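Single-structure report; data block below.
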Amino acid sequence: MKNDKRSITFIVNPISGTKSKEALASLVDQHIDPKLYDCRIIKTEYAGHASEIARQCIAEGIDICVAVGGDGTVNEVARSLAHSNTALGIVPCGSGNGLARHLCLPMNMKGALEIINQGKTDQFDFGTINDHPFFCTCGMGFDAFVSLKFAEAGKRGLLTYVENVLKEGLTYQPDTYTVEDESGVHQYKAFLIACANAAQYGNNAYIAPGASMQDGVMDVIVMEPFNVIEAPKLAMDLFAKTLGSNSHIKTFQARKIHIHRESPGAVHYDGDPIEMGTDIDVVLHPRGLKAIINPDAIEDDALPGRMVNTLSSLVDKVITY
């Protein structure tokens, strides 16, 4: 008798993210319908293991491969599933959860599993920066510098990230970038250049509020130099979805860009920092990732307002340093 059930593999990084995953097995039993799905849970044991498991899932014809962890785990699984018929699912357990938030997935295990149980999928774009895949954003300049600082901070969370942004931003020196896209060559003196496939970094920090993962282009954001007085407004605009209206922001869309900068340094892809040279190619790959979607997605429009109130008190603290 033919088995018409779909197959799900949950890839769990036990040390990734900020949430305990001990309850996952019991929640899978409660919220994933055994009449519809065959499930298994595999824990990663070493760096790169999630990618190996994801590739094995493709070879076995697994229908859905679920990343259970933070943004690093999600990126590792997603880049292995790119251009395959195995769909990415996400149970977000990190501090940022950028891709999960863009897809309007619940931030709790129970809700995320209920979405996976519905089994609805769609195709999404992804990008590469010098052949390193990213699904939300990549960037250089201060963008990548803060990713390094955050990785070194020893603690996670939104306030750690924002405090690093505000403190380090007061002394960071902008660089000069030559950017070539389909329209020609342009030169910018910039605080950062970010390429956004999705709307946000994570933590509801919207670097490109209008970005779509299904339009075949990426949003390129150039943040020009600003002074100490202007820094708090930029930070607040980031969380209020109003960054595009700030006078220090230039944006355009492109399918691919080549960037030359004056000296090598850090870049990031989905928040993971890495050192790269002076020449950088960023390319958008249309509809290259199959992923589970929330068919009833509704964004929380009240959250940016609440976040701005939190930022106001943090800005007062940081400016006194």
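The values are calculated or read from the model by the stated rules, or taken from the named source; none is laboratory data. Note that the structure is a prediction, hence the values are computed from the model and not measured. Here the Cβ positions follow ideal geometry from the backbone for every residue, glycine too, while neighbour counts run over all protein chains shown. With ligands, DNA and RNA removed, areas are computed over all heavy atoms of the protein, side chains included. Shrake-Rupley method; radii C 1.70, N 1.55, O 1.52, S 1.80 Å.
Structure summary
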| quantity | calculated |
| --- | --- |
| Largest-first ordering by accessible area, 1.4 Å probe, given options E230, E22 | E22, E230 |
| Extension gain, I58 back to I41 (0.36 nm per residue minus Cα-Cα distance, nm) | 4.6 nm |
| Which of H268, H49 is most accessible, then next, and so on - probe 1.4 Å | H49, H268 |
| Environment charge at F252 (Cβ cut-off 11 Å; Lys +1, Arg +1, Asp -1, Glu -1) | -2 |
| Contour minus Cα-Cα distance for H31 and D131 (0.36 nm per residue) | 32.3 nm |
| Members of K120/K250; K43/K110; K233/K256 lying beyond 25 Å, as alpha-carbon distances in this model show | K120/K250; K233/K256 |
| FRET efficiency for K110 and T178, using Cβ-Cβ distance with R0 set to 35 Å, rounded to 0.05 | 0.10 |
| Accessible area, probe 1.4 Å, largest first, for residues Y206, Y172 | Y172, Y206 |
| Charge context of K120, other residues only, Cβ under 15 angstrom, K/R +1, D/E -1 | -3 |
| Between the stretch 170-210 and the stretch 233-304, the alpha-carbon center distance in angstrom | 7 Å |
| For the stretch 174-184, Karplus couplings with θ = phi - 60° (6.51, -1.76, 1.60), whole Hz, Gly/Pro x | x, 10, 9, 10, 9, 10, 10, 9, 5, 8, x |
